[in-house]
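Structure first, then comments.
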Amino acid sequence: MPSTVGKVIRCKAAVAWEAGKPLVIEEVEVAPPQAMEVRVKIIVTALCHTDVYFWEAKGQTPVFPRIFGHEAAGIVESVGEGVTELKPGDHVLPVFTGECKECRHCKSEESNMCDLLRINTDRGVMLHDGKSRFSINGKPIYHFVGTSTFSEYSVIHVGCLAKINPAAPMDKVCILSCGVSTGLGATLNVAKPPRGSTVAIFGLGAVGLSAAEGARIAGASRIIGVDLNPKRFDEAKKFGVTEFVNPKDHHKPVQEVLTEMTDGGVDRSVECTGSINAMISAFECVHDGWGVAVLVGVPNKDDAFKTHPMNFLNEKTLKGTFFGNYKPRTDLPNVVEMYMRKELELEKFITHEVGLSDINKAFDYMLKGESLRCIIRTDG
Ligand code: NAD
Ligand code: ZN
């Protein structure tokens with residue numbers, strides 16, 4: 001094959017022309033990577049709620065036409081000036097939030113909230129020159145969270161790419177790009193349940209089930225799933241969730257139900273719903289003296305968290321996390337290794353699979369609540 005390095009690549013991409021309208025498979029031009037950028041051949045991508053949310057664009061800044069997609073795995077095709085850590089042929093996971101390795105957050109062991117490359121959902125262009133690398137007949141098509149993986153090729157800042165083990169199957173580890181790492185890290189890095197402890201998981205979507213997977217890996221002895229949708233309970237059994245509570249089945253607040261079930265409260269709770277009521281319940285149901293609650297869900301704009309300060313004096317701890325506290329470039333390769341060592345199971349998250357030309361089906365599955373993760377092969 002003739003080299004594509006330094007040239008524009010024409011390839012297929014799923015373009016969102018308008019909010020809420022089906023994506024259209026188009027031939028797009030993908031410009032070569034500029035300074036600190038990498039052009040990646042996307043092998044497989046997956047659909048996450050955040051894509052659907054910004055595609056619907058209800059209440060957010062609409063940026064169209066746009067190429068969505070941020071959970072994926074691919075192979076480096078070429079690199080721009082100044083890129084030394086990656087070379088053509090390397091296997092990578094794109095991440096919606098980056099790690100520049102230079103800023104005070106990246107230099108702090110405690111933070112993953114990079115100043116330069118922290119998620120920005122309104123920006124549809126590259127940092128280097130404020131331009132898009134995608135176009136159709138010279139008209140720019142905008143990027144999404146710096147990844148735009150619903151395309152056979154994408155240009156991504158080097159700080160938003162984790163270099164992974166080339167032996168890792170891309171059609172499995174692609175889901176570590178976002179949702180699964182978020183839930184897993186919320187439990188393993190932030191809640192840190194001691195072996196034998198009791199963990200409550202609020203919300204049994206892909207993020208909550210990943211948090212449950214973290215609890216299983218940490219050796220929790222009881223994993224209690226809390227969800228308003230009883231259909232979620234069947235699936236959750238595969239994730240080691242052994243007890244279920246539906247707040248709708250009780251007349252008292254769910255935190256009281258959990259406190260009674262666990263002789264004073266759970267040791268850890270992880271909230272993965274986005275509901276402010278669930279956030280408050282998740283905090284109030286932890287045991288005094290040592291209980292830790294971790295918030296993961298993204299609340300509504302006007303929500304406020306209300307609880308009695310006595311809960312803090314009684315030594316309940318409230319925390320929150322972004323991307324499971326993982327630093328994308330430093331930590332994701334190790335999460336991939338957890339999968340390779342068979343400590344972490346990913347197969348059970350992948351409920352559906354389609355080719356790029358059927359990408360709208362993936363949106364249907366998610367909108368109907370049928371899929372946990374639908375993977376999309378770009379060659380299909
Ligand atoms: P999902 O919609 O698949 O799952 C959410 C579940 O919560 C559903 O099953 C729903 O029935 C349940 N639920 C809603 N309200 C509830 C309540 N009051 N009590 C109990 N259960 C309730 O969503 P998901 O993809 O798993 O994502 C979960 C949350 O995590 C979302 O808010 C998402 O935006 C957020 N998220 C956060 C980060 C981060 O870095 N902090 C990253 C990714 C996603
Ligand atoms: Zn940084």
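Quick look at the numbers
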{"item": "Qualifying residue in the range 60-67 (condition: modelled with pLDDT of 95 or more, in contact with a helix residue (DSSP H, G or I) (Cβ under 8 Å, 6 or more places away or on another chain) and either within 15 Å of ligand 1 (Cβ to nearest atom) or within 14 Å of residue 162 (Cα to Cα) (or both))", "result": "no"}
{"item": "Search result, residues across the range 1-19 that are outside any loop (DSSP other than H, G, I, E, B) and without any contact (Cβ under 8 Å) to a residue 40 or more places away in the chain", "result": "10"}
{"item": "Those residues of the range 303-329 which are among the basic types (Lys, Arg) and either touching a strand residue (DSSP E or B) at 6+ places or on another chain (Cβ under 7 Å) or open to solvent by 40 Å² or more (accessible area, probe 1.4 Å) (or both), in sequence order", "result": "306, 316, 319, 329"}
{"item": "Residues that are buried (at least 23 other Cβ atoms within 10 Å of the Cβ) and away from ligand 1 (no atom under 12 Å from the Cβ), drawn from the range 165-187", "result": "173, 174, 176, 187"}
{"item": "Residue under evaluation residue 332, criteria (1) within 16 Å of ligand 2 (Cβ to nearest atom); (2) open to solvent by 30 Å² or more (accessible area, probe 1.4 Å), criterion not met", "result": "(2)"}
{"item": "Residue match in the range 109-120 (condition: out of contact with any helix residue (DSSP H, G or I) (no Cβ under 8 Å at 6 or more places or on another chain) and among the small types (Gly, Ala, Ser))", "result": "no"}
{"item": "Single residue of the range 95-111 satisfying the filter (out of contact with any His (no Cβ under 7 Å at 6 or more places or on another chain) and in contact (Cβ under 8 Å) with a residue 60 or more places away in the chain) that is surrounded by the most Cβ atoms within 10 Å (Cβ to Cβ)", "result": "95"}
{"item": "Subset tally (residues that are open to solvent by 20 Å² or more (accessible area, probe 1.4 Å) and within 16 Å of residue 367 (Cβ to Cβ)) for the range 58-87", "result": "1"}
{"item": "Residues of the range 64-81 satisfying the condition of being within 10 Å of residue 38 (Cα to Cα), assigned to a strand (DSSP E or B) and of a type outside the set (A, V, I, L, M)", "result": "77, 78"}
{"item": "Any chance residue 124 is of a type in the set (Gly, Ala, Ser), under 21 Å from residue 54 (Cβ atoms) and either in contact with a Cys (Cβ under 7 Å, 6 or more places away or on another chain) or assigned to a strand (DSSP E or B) (or both)", "result": "no"}
{"item": "Residue match in the range 41-53 (condition: among the acidic types (Asp, Glu) and open to solvent by 10 Å² or more (accessible area, probe 1.4 Å))", "result": "no"}
{"item": "Residue ID - farthest from residue 298 (Cα to Cα), chosen from residues in the range 127-162 that are among the hydrophobic types (A, V, I, L, M, F, W, C) and part of a loop (DSSP other than H, G, I, E, B)", "result": "127"}
{"item": "Subset of the range 211-250 [open to solvent by 50 Å² or more (accessible area, probe 1.4 Å) and in a loop (DSSP other than H, G, I, E, B)]", "result": "221, 228, 229, 230, 231, 238, 242, 250"}
{"item": "Test: residue in the range 188-204 that is open to solvent by 20 Å² or more (accessible area, probe 1.4 Å), away from ligand 2 (no atom under 16 Å from the Cβ), free of Cβ contacts under 8 Å to residues at least 60 places away in the same chain and under 18 Å from residue 337 (Cβ atoms)", "result": "no"}
{"item": "Flag for residue 155 being surrounded by 17 or more Cβ atoms within 10 Å (Cβ to Cβ), within 30 Å of residue 33 (Cβ to Cβ) and either within 19 Å of the chain's Cα centre (by Cα) or at pLDDT below 95 (or both)", "result": "no"}
{"item": "Among residues of the range 129-149, those that are surrounded by 24 or more Cβ atoms within 10 Å (Cβ to Cβ) and of a type in the set (D, E, K, R), counted", "result": "1"}
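Yes/no matrix, rows are residues, columns are (1) within 21 Å of residue 50 (Cβ to Cβ); (2) of a type in the set (S, T, N, Q):
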residue: 317; (1), (2): no, yes
residue: 333; (1), (2): no, no
residue: 356; (1), (2): yes, no
residue: 360; (1), (2): yes, yes
residue: 363; (1), (2): yes, no
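The values are calculated or read from the model by the stated rules, or taken from the named source; none is laboratory data. This structure is a prediction, so every number in the text was calculated from the model and none was measured. Cβ: placed from backbone, ideal geometry, glycine included. Neighbour counts: every protein chain shown. These accessible areas exclude ligands, DNA and RNA; they are computed on the full protein's heavy atoms, side chains included. Shrake-Rupley method; radii C 1.70, N 1.55, O 1.52, S 1.80 Å.
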